[in-house]
1. Once amide H atoms are placed 1.01 Å from N in the peptide plane, what residues at a sequence separation of 5 or more from E101, or on another chain, have their amide H within under 5 Å of its amide H?
2. If you build a Gaussian network model of the chain, linking Cα atoms that sit under 10 Å apart, which residue out of S175, S16, S66 swings the most?
3. On the Cα set of the stretch 66-107, report Rg and Dmax in Å, please.
4. Taking one equal scatterer on every alpha-carbon of the chain, how large is log10 of I(q)/I(0) by Debye at q = 0.13, 0.14, 0.17 1/Å?
5. Roughly how big is the chain's charge dipole about its Cα centre, with Cβ charges of +1 (Lys, Arg) and -1 (Asp, Glu), in debye to the nearest 20?
6. Spelling out what I want: for every residue of the stretch 87-103, take phi, set θ = phi - 60°, compute 6.51 cos²θ - 1.76 cosθ + 1.60 (Karplus), and round to whole Hz; glycine and proline get x.
7. Could you tell me which of S119, T181, F58 has its Cα farthest along the dipole of the chain towards the positive end, charges placed at Cβ (Lys, Arg +1; Asp, Glu -1), taken about the Cα centre?
8. Of the residues R130, R50, R59, which exhibits the maximal mean-square fluctuation in a Gaussian network model of the chain defined by a 10 Å Cα contact cut-off?
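Quick note: the coordinates plus some simple rules give every number you see, no bench work behind them. From a predicted model like this one, the values you see are computed outputs, not experimental measurements. Heads up, the Cβs are rebuilt from the backbone with ideal geometry, glycines too, and the neighbour counts pull from every protein chain shown.
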Amino acid sequence: MSGKDKIVEYINRSVSLTEAEAEVFGASFKEKRIKKRQFIVQPDFIVKHRNYVLEGAFRAYVVDDSGNDNTIAFAIEDWWITDYNSYILQKPATMFVVALEDSKILEISFEQEEALKKSNHKFETFFRIRAERTAAFMQQRIIAGLTQTAGQRYEQFLEKYPQIVQRVPQYALASYLGMTTEFLSRIRNRKRTKNS
């Protein structure tokens, strides 16, 4: 299945497109190969694209004043990633987005997305649904960070995203879950001991 077919299949899960609409939607994306450790977003540059992952894995993170990096998001196949604040508001980015593996993405430019939304209410509905789901997910993440223990956050992540745990570096996962790498190692060791 081609990249364009995959993105059309993806949108059809939310809204039903005619063949002509699917052609227009698919034609708005450009396929790109990204090497491991290559950045697709860097701070201080305005983000021009929203990215749909066809193959591979990505990590979005920020660096604080002390030089510590904090993971904001991961993305693997069938997920989206960018610095949404920069992309939507067309302001300079504050995040890095880097490939964790050799990857393949479909990118759509801000202008192309705006044109799609203006041209057809189905396209606008699709992007609204994406925005709503992203907002709901971020709220869940904030609440988990405020109300759950580190161990509970790890267990929940492992249950929901077992495929990601195997593919991302331990330091990045620890950062995402709001703990040190050493603490994550202890949680994992306790879990292994308990299960053996």
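1. Those lying under 5 Å, H to H, from E101 are R37, A57.
2. Of S175, S16, S66, the most mobile in the Gaussian network model is S66.
3. 11.7, 34
4. The calculated log intensity ratios at q = 0.13, 0.14, 0.17 Å⁻¹ are -0.76, -0.87, -1.20.
5. Charge dipole of the chain: 700 debye, to the nearest 20.
6. 5, 6, 8, 6, 10, x, 5, 10, 10, 9, 10, 10, 6, 8, 9, 4, 9
7. Checked the options; the winner is T181.
8. So, out of R130, R50, R59, the one fluctuating most is R130.
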